[in-house]
Amino acid sequence: MLKRLVRPISPSARREERIFYLFILPWLIGLVVFNAGPILGILGLSFTDWKISFEGLNFIGLDNYRSLFADDTFWTSVGNTMYITVGRVVLGTIFALFLAILLNQKVPGIPFFRAVYYLPSVTAGVAVALVWIWIFNPQVGILNHALRTIGIKGPTWIHSTVWVKPSLIIMSIFTVGPNMIILLAGLQGIPKELYEAAEIDGAGTWQKFTGVTLPMLSPVLFFVIIISVAASFQNFTEIRVMTQGGPGESSNVLVWYLWENAFVYFQMGVASAVAWIIFLLLMALTGLQFRLGRRWVFYEV
Amino acid sequence: MTVKPAPARKIKDDLPWYRSIKGRHALGVVLTFALLIPLGILFVVPFFVMLSTALKTKPQIFQFPPSLIPDPIVWQNFPDGWYGYGYIDFTTCTWNSVKITVNNIIGNLVSCTLAAYAFSRLKARGKNFFFGILLATMLLPNEAVLIPQYILFRILGWNDTHLPLMVPPWFGWPFFIFLLRQFFLTIPEELVDAAKIDGAGHARILLQVFIPLSKPALATLAIFAFVGNWNNFFGPLLYLRTPEIQTLPVCLVQYQGAYGNTDWNLMMAVATITVIPVLLIFIFGQRYFVEGIATSGVKR
């Protein structure tokens, strides 16, 4: 009976199967030890009052989640995360697309410009975050200096509760390099015949863009948006180096909230609940995007 | 009798020059450069600010209005910043960063190449299932698994050593596996068949056919891994306590924490030094790099 259920398989196929599992073994171990195990472990811990040591660990049910939902700071951090994510993804994607179109023009020197535009993406890190503190300096920073020369009195940027989130979004615009390259590759994959056909039908530049470029590029745009949302959720370095969640709580994002709870207040149980909420929120957002994607993403048949 | 062909009608050339084909092309080129160049300058501004601050005197950095070009140029800021504060030893931090980064690049390349080959070329039951899991873990936020990983490493007694940073890369990285698999799929099946006829096993096919053909993708992976590990901040911040084992980003932040806003010129000098390796690797590898990213994610 069982024999009939298991598909007969030739010895060479069986050998190939063994090699398959041998080759993916390192990743598989990593998956269990560093990903699947932890994500389940943390689910369990989120139902406990665990501090930093395991002694006196109690099962407290949904209390961590309840107290989170009653905590204003938590909701502030959810709101800030959404604000920054929407800003980064919308502006970042538009800007990346704009740069990709620019780099897709047939003019000399494109590889040079491509490298220059990509550069800030590879150097993102503590060193560059420090530079941005200096750029955003209200008095001697270059940004406000530039604004002053055209007669605008700049805000106090990362020192302002209103402007700190826009500041972080502006900064992220400089790191759209990978998205730019992926979109550029997408643009180059659109068959020229489609544009020629559109021209014969009398389409202008804008009509070609909305009628050919955007639909043909939509699967790539979709991919870029999904990746950008995930990346935006994980943005920790800039917050830690530049704002520490402040001023006040105006740049307190979920990752920062998690970090403070876990490694400053040692509320590990609460932090575990936050980790799970981040995970679920990201999954929900991705799921939502796949649903919405059915309406606007165009796949060739 | 032959019919004389009518003289070709002269193409109307009363169009203004900017509507003619040539004119429109020229305008397009000019407009493109009018956008490319200012944007290029904009993207270099952060580096310029970093370097210019690094070369200024202390009074000059707080000068109002701010000057763009340092005068005088103080090269001495570089050694002063590097050796300036006894207890932050940048030479040791650099060595730690180099050690971890090199190990992690090799670990990632080995583990991800194996898995990518399996996912792109080998047939097995359960393959689609595991590939689905691979895609799902690409979206898993690092921070979500950080706390349990932290506990795990504490139980293993690895905290305050380099092991939590150096061991996981040997167990693959979903995004890299996916990227490399996409590239491997573009290698023609005929090459594999030919190698099989010659009696090559999978290990040899991988080593002698796939790896030599995948240099752009492997270079991309190596650069990604270099940048990611060199700039990694969360991991070292979490696991490392002892000053002697810190990596560069953490050392830089200690500098900031210790001296607030006072010695920005020295701090920027050190920051510049830490960015130079990334710049060099990127400039030399960017041709491969761009090609490698372009093949990822897009074709599915």
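Scanning region A:162-185 for any residue that is surrounded by fewer than 16 Cβ atoms within 10 Å (Cβ to Cβ), in contact (Cβ under 8 Å) with a residue 60 or more places away in the chain and touching a Pro at 6+ places or on another chain (Cβ under 9 Å) turns up at least one such residue. Name the single residue that is surrounded by the fewest Cβ atoms within 10 Å (Cβ to Cβ) among those in region A:62-115 being more than 17 Å from A:Leu187 (Cβ to Cβ) and within 13 Å of another protein chain (Cβ to nearest Cβ). Step by step, filter region A:62-115, then rank; the result is A:Pro108.
In this structure, A:Tyr195 does satisfy being surrounded by fewer than 20 Cβ atoms within 10 Å (Cβ to Cβ) and more than 15 Å from the chain's Cα centre (by Cα). Pairing each residue of region A:98-126 that is closer than 13 Å to B:Leu279 by Cβ with any residue that is among the aromatic types (Phe, Trp, Tyr), provided the two are 6+ apart or on different chains, yields C-beta distances under 6 Å for A:Val116/B:Phe43; A:Pro120/A:Phe174; A:Pro120/B:Phe43; A:Val122/B:Phe282. For first residues located in region A:147-158 and of a type in the set (A, V, I, L, M), partners that are in a loop (DSSP other than H, G, I, E, B) and lie 6+ apart or on another chain with Cβ distances below 7 Å form the pairs A:Leu147/A:Gly154; A:Ile158/A:Phe136. Selection of region A:284-298 for residues being loosely packed, with under 14 Cβ neighbours inside 10 Å and within 12 Å of another protein chain (Cβ to nearest Cβ) yields A:Ala284, A:Gly287, A:Phe290.
Within region A:255-274, being closer than 9 Å to A:Asn64 by Cβ and more than 7 Å from every other protein chain (Cβ to nearest Cβ) holds for A:Gln267, A:Gly269, A:Val270, A:Ala273, A:Val274. When A:Ile239, A:Ile227 are checked against the criterion of being within 20 Å of A:Val164 (Cβ to Cβ) and among the β-branched types (Val, Ile, Thr), A:Ile239 stands alone in meeting it. Those helices (runs of 4 or more DSSP H) of region B:38-151 in which 3 or more residues are in contact (Cβ under 8 Å) with a residue 24 or more places away in the chain, within 11 Å of another protein chain (Cβ to nearest Cβ) and surrounded by 18 or more Cβ atoms within 10 Å (Cβ to Cβ) occupy B:90-121.
Exactly one residue among A:Val140, A:Val128 is assigned to a helix (DSSP H, G or I) and within 12 Å of another protein chain (Cβ to nearest Cβ), and that residue is A:Val128. Residues in region A:183-231 that are facing chain B (nearest Cβ under 9 Å) and over 24 Å from A:Gln289 (Cα atoms): A:Gln188 alone. Answer with yes or no whether B:Ile147 is modelled with pLDDT under 85 and farther than 26 Å from B:Ser214 by Cβ. In short, yes. Checking each residue of region B:198-208 against the condition of being over 30 Å from A:Gly269 (Cβ atoms), more than 7 Å from chain A (Cβ to nearest Cβ) and buried (at least 19 other Cβ atoms within 10 Å of the Cβ) gives at least one match. Taken together, the residues in region A:28-86 that are in contact with an Asp or Glu (Cβ under 7 Å, 6 or more places away or on another chain) and of a type in the set (Val, Ile, Thr) amount to 3. Scanning region B:177-192 turns up at least one residue that is within 18 Å of the chain's Cα centre (by Cα) and facing another protein chain (nearest Cβ under 10 Å). Considering B:Ala200, B:Ala195, the condition of being farther than 23 Å from B:Ile105 by Cα and assigned to a helix (DSSP H, G or I) is satisfied by B:Ala195 alone.
In region A:243-283, which residue that is β-branched (Val, Ile, Thr) and within 18 Å of the chain's Cα centre (by Cα) is surrounded by the fewest Cβ atoms within 10 Å (Cβ to Cβ)? In this case the residue turns out to be A:Ile277.
B:Trp158 meets each of the listed conditions (1) more than 12 Å from every other protein chain (Cβ to nearest Cβ); (2) assigned to a helix (DSSP H, G or I); (3) touching a residue at least 40 places away in the same chain (Cβ under 8 Å) apart from (2).
The values are calculated or read from the model by the stated rules, or taken from the named source; none is laboratory data. Since we're looking at a predicted model, the values are computed, not measured. Because the Cβ atoms are built from the backbone with ideal geometry, glycine has one as well, and the counts that use them run over all protein chains shown.
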